[in-house]
Amino acid sequence: MVQEELNSEKKLRQIVEPLLEWYRANRRVLPWRKNKDAYAVWVSEIMLQQTRVETVIPYYERFMARCPDVEALTACEEEELLKLWEGLGYYSRAKNMKKAACIVCEEYNGKFPEELEQLQKLPGIGAYTAGAIASIAFEKAVAAVDGNVLRVVTRLLQDDTDITDIQFRHKITTVLQKVYPKQGCGDFTQSLMELGATICVPNGMPKCIACPIRCVCEAYQNLTQTQYPVKKKKKDRKVQEKTVLLIQYQDNIALNKRSEQGLLAGMWELPNLDGYKTDQEIEKELISYGIVVDKIGPPKSTDKVIRHIFTHIEWNMICKIIECAEVAQDNPFTWVTREQIRTHISLPAAFQKVYRYLPDKV
């Protein structure tokens, strides 16, 4: 094991200078690379989790225009924050950002701590994000190991260890940190990310001819690039069937607040029922809430199942449009206007897919 780590360290040490030279000449122009401000690095890294760069850029620019620093983020109301985040998904990221910003303001006078251990204590910041902030913003010799980096390293070393093994990730992090340059730690961190994102790509053959470290890459030499990284098969997603209701009354639309626990915790949702319900079953349910139905039926534009995939769950949804004749005052819904949904209320992507079928006019 010791000899194996020494060999890995020796191989990784050979890539430092070629990677730095390549990165400085070829790096993409991205808005969060304009400077090495810790806040900007943090916002970008949180947004980039599970999300493509192309998708993140307009969100990042809009977010930074509204919340340019931790003080502004701390002062931002949660409903507005979630509206800024709408479409990015994984809304707990935004909620944790606000919590972390409050801590940075209260405990660190509005300045991000520089040490890895302090960064990892902030809500929503794990080992990878802490490493990215510490190295990019503060030039610490700390590795940030994500899927891109693991793909580069496992191909380089032709290592068939399962990359979902947390101990393997720790090992790669430890070995990488031993080879960090004395200067340019942030650039080296970003060079590994950049190589994985643009050259050593997933899902098919990497662009090896453009790779600055192919001469020391074992997978390239043995034509085994597509065999790495090795990752155990994910469990099949649990499929849930739902009937989602677009309920309208006097130009208002019914919403619910989800539980503070579990999937989409604390988010607004369109009322929905488990399983595929008949019109009669839906009407019976609404009558129990004191709602008298005038019309009910599917949207004219679709009779298909609307599919939305979360990490571990898949929702297969049918939509019903309901126009109400009467609504009891003590009904369980919150009634909002289209304008409120457009400007202030954040609907998760799953419900946005259904909401778009609401007719233009009631």
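For the stretch 285-328, the set of residues classified as of a type in the set (A, V, I, L, M, F, W, C) and over 18 Å from Ala350 (Cβ atoms) consists of Leu286, Ile287, Ile291, Val292, Val293, Ile296, Ile322, Cys324, Ala325, Val327, Ala328, listed by residue number.
The set of residues in the stretch 282-296 that are open to solvent by 30 Å² or more (accessible area, probe 1.4 Å) and closer than 23 Å to Arg356 by Cα comprises Glu283, Asp294, Lys295, Ile296. Is it the case that the stretch 304-320 has a residue that's crowded, with 16+ Cβ neighbours inside 10 Å, of a type in the set (A, V, I, L, M) and more than 28 Å from the chain's Cα centre (by Cα)? No; the residues of the stretch 304-320 include none that is crowded, with 16+ Cβ neighbours inside 10 Å, of a type in the set (A, V, I, L, M) and more than 28 Å from the chain's Cα centre (by Cα).
Against the conditions (1) free of Cβ contacts under 8 Å to residues at least 60 places away in the same chain; (2) more than 23 Å from Lys34 (Cα to Cα); (3) not aromatic (Phe, Trp, Tyr), Leu88 satisfies every one except (2).
For every residue, the table says whether it meets (1) farther than 27 Å from Thr174 by Cβ; (2) more than 20 Å from the chain's Cα centre (by Cα); (3) open to solvent by less than 60 Å² (accessible area, probe 1.4 Å); (4) not β-branched (Val, Ile, Thr).
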position	(1), (2), (3), (4)
Arg27	no, yes, no, yes
Gln49	no, no, yes, yes
Val53	yes, no, yes, no
Ala75	yes, yes, no, yes
Lys83	yes, no, yes, yes
Lys111	yes, yes, no, yes
Glu115	no, yes, no, yes
Gly124	no, no, yes, yes
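Screening Glu106, Glu139 for residues that are modelled with pLDDT of 95 or more, out of contact with any helix residue (DSSP H, G or I) (no Cβ under 8 Å at 6 or more places or on another chain) and not aliphatic (A, V, I, L, M) leaves exactly one candidate, Glu106. On inspection, Arg338 does not qualify as closer than 30 Å to Trp85 by Cβ, free of Cβ contacts under 8 Å to residues at least 40 places away in the same chain, in contact with an Asp or Glu (Cβ under 9 Å, 6 or more places away or on another chain) and of a type outside the set (Asp, Glu).
Among the residues making up the stretch 64-73, those that are closer than 28 Å to Phe310 by Cβ and surrounded by 15 or more Cβ atoms within 10 Å (Cβ to Cβ) are Met64, Cys67, Leu73. Within the stretch 165-192, the set of residues being part of a helix (DSSP H, G or I), closer than 27 Å to Asn35 by Cβ and touching a residue at least 60 places away in the same chain (Cβ under 8 Å) comprises Leu176, Gly186, Asp187, Phe188, Gln190, Ser191, Leu192.
Only one of the listed residues (Asn316, Asn256) is touching a Leu at 6+ places or on another chain (Cβ under 8 Å) and either in contact (Cβ under 8 Å) with a residue 60 or more places away in the chain or in a strand (DSSP E or B) (or both). That residue is Asn256. Checked against the criterion of being in a loop (DSSP other than H, G, I, E, B) and open to solvent by 30 Å² or more (accessible area, probe 1.4 Å), the candidates Pro299, Pro332 yield just one match: Pro332.
The set of residues from the stretch 199-249 being touching a Phe, Trp or Tyr at 6+ places or on another chain (Cβ under 7 Å) and open to solvent by 90 Å² or more (accessible area, probe 1.4 Å) comprises just one member, Glu241.
Among helices (runs of 4 or more DSSP H) entirely within the stretch 10-74, having at least 1 residues that are of a type in the set (Lys, Arg) singles out 16-26, 53-66. Taking the criterion of being in contact with a helix residue (DSSP H, G or I) (Cβ under 8 Å, 6 or more places away or on another chain) and either under 23 Å from Lys235 (Cα atoms) or not β-branched (Val, Ile, Thr) (or both), the residues of the stretch 289-309 that qualify are Gly297, Ile306, His308.
Applying the condition of being open to solvent by 20 Å² or more (accessible area, probe 1.4 Å) and more than 20 Å from the chain's Cα centre (by Cα) to the stretch 143-158 and asking which residue is nearest to Thr224 (Cα to Cα) yields Gln158.
The values are calculated or read from the model by the stated rules, or taken from the named source; none is laboratory data. Predicted model only: the values in this text are computed from it and were never measured. As a convention, Cβ positions derive from the backbone with ideal geometry for all residues, glycine included, and neighbour counts pool all protein chains shown. Heads up: the accessible areas ignore ligands, DNA and RNA and are worked out on the full protein's heavy atoms, side chains in. Shrake-Rupley method; radii C 1.70, N 1.55, O 1.52, S 1.80 Å.
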